[in-house]
Amino acid sequence: MLATSYPSARVTNFHTHQKSVWVTIFCTSIIQVASVLGHITNLTEISLQQLEYVTRLVEDLPPPNPPITIPPKIIDSEYDFIIVGAGSAGSVVANRLSEIASWKVLLLEAGYPTTNVGQHPTLPMGLQLTEYNWGFTSEPQKNICLAAEKHRCPWPRGRALGGSSAINYMVYVRGNPDDYNRWAAQGNPGWSYEEVLPYFLKSEDANIPLSDPNYHGTGGYQSTESFYTTELGNAFIQAGQELGYPLTDYNSPQQIGFSPFQATTRFGRRASTATSFLQPVLNRENLDVLTGAR
C-alpha cells in the first residue's frame, strides 16, 4: 500500500479537516487579537497602534518553510524498527535510527502534517482548538482547575507530525541539572546531566546571544533562538537586574536570574521536531512514514 494513498472517503475527510483547521485558526486569531486590544468596536488610538504593530510583525516574517510532504513509497511487510507516533520523541528516533542505511524504519502517525499557518508563533492557542490536538483533559482533583467544568483542565497533546511540538508555545527549557542527577542516582544509568548534555549539544543549532556557549550547540537539527521580547518584557528583565539578579541562561546550570525566552523556532517560525528532524531526511530510502495511521 502507498504511504500517501487513502480511500476516497479518507481523502475527502482530510481536505474537510484541513479547511476546518484554517477556519478555526483564523477565527481564534481574531479572538486573540480582540482580547489583547479590548472591545473591537471601541478601539483607542493606542489600540490602533497595537493593531498596526501586530500586523507589521506578521508582514515582516520571512516566507513560511515549505510544507511537509510525505514522498509516496510502498509500505513493506517487514521492518527492523516500527515507531509509533511521530511526535517530539518519535521524529527524533526515526531520524537517528535511519542514519544506519541497512536498517528499515517505519514511522506511524495518527495525525497529519500541519499547514503553513501552524508555523506562526502567535497561534498555538488556535492550533490547540483543532484536530491537531487529541483534546485530553486532566483528571479531576479537589484543589485544581477550580474554574473548569468538573475540575478538569485542557491537557493539549499533539496529533500531528511533530506531536506536541507542533502545537505548543515553543519555549525551550531543558530542566534543572539536579533532576537528571537524581534520576541517575535512583538507578537510571546514563541519565545524569553530564551524560545527557552532549545529546542536547548534538541536537541543537542555537542562535541565542545571551547564552553560555558551553551549554549550547550549533549545526544540529533543532533550531533554538531568542524569542522576541516586548518593551514590557524588557522592563521586567531590567527590574530583575535592579533587584540584584543576574542576566542568566536558564538552560545552563545557573538558573537563578532573569532571561528572555529561548524558543524552538527558526527565523521566527515554529521549528517542530517534524520540521527539524524529520523533514530533512524524508527522502532516505530506508525510512517510510505513514500518516493517518492507527
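Computed over the range 202-248, the P(r) tail beyond 17 angstrom holds 46 percent of alpha carbon pairs. Applying the Karplus relation 6.51 cos²θ - 1.76 cosθ + 1.60 with θ = phi - 60° to the range 278-294 yields 3J(HN,Hα) values of 8, 4, x, 10, 5, 8, 5, 5, 9, 10, 10, 10, 10, 9, x, 9, 10 Hz, where x marks Gly and Pro. A cut-off under 11 angstrom between Cβ atoms defines the neighbours of P209, and their net charge, with Lys, Arg +1 and Asp, Glu -1, is -2. For R96, project a label point 7 Å along Cα to C-beta. Then give me every residue of the range 257-294 with its amide nitrogen under 16 Å of that point. Of the residues in the range 257-294, 273-274, 276-278 have backbone N under 16 Å from the label point off R96.
Taking each residue as 0.36 nm, the span from S77 to L210 lengthens on full extension beyond its C-alpha to C-alpha distance by 42.9 nm. For the range 119-131, 3J(HN,Hα) computed residue by residue from phi via the Karplus equation (6.51, -1.76, 1.60; θ = phi - 60°) reads 7, 6, x, 9, 10, x, 4, x, 4, 6, 9, 10, 6 Hz, glycine and proline entered as x. Shown for the range 98-139 is the translational diffusion coefficient from the Stokes-Einstein equation, using the Kirkwood radius over Cα pairs, a temperature of 37 °C and a viscosity of 0.692 mPa s: 247 µm²/s.
Considering all C-alpha pairs of the range 242-294, those separated by over 12 Å amount to 76%.
Placing unit charges on the Cβ atoms of the charged side chains and taking the dipole of the range 183-251 about its Cα centre, the candidate lying farthest along the positive direction among G240, Q186, Y228 is Q186. Taking packing as the residue-averaged number of other Cβ atoms within 10 angstrom, the listed peptides 277-284, 251-258 run from highest to lowest as 277-284, 251-258.
Of the peptides 205-213, 171-179, the order by per-residue mean of other Cβ atoms within 10 Å, starting with the highest, comes out as 205-213, 171-179.
Please state the shape class of the range 121-224: rounded when a/c is under 1.5, otherwise prolate if a/b exceeds b/c and oblate if not, all from the C-alpha gyration tensor. In terms of gyration-tensor shape, oblate. The string of couplings for the range 132-149 from the Karplus curve (6.51, -1.76, 1.60, θ = phi - 60°) is 6, 10, 5, x, 6, 10, 6, 5, x, 9, 4, 10, 10, 6, 5, 8, 9, 4 Hz, one whole number per residue in order, with x for Gly and Pro.
Every number here is computed from the coordinates shown, using simple stated rules; none is lab data. All values derive from a computational prediction rather than experimental measurement. FYI the Cβ positions are ideal-geometry reconstructions off the backbone, even for glycines, and counts take in every protein chain you see.
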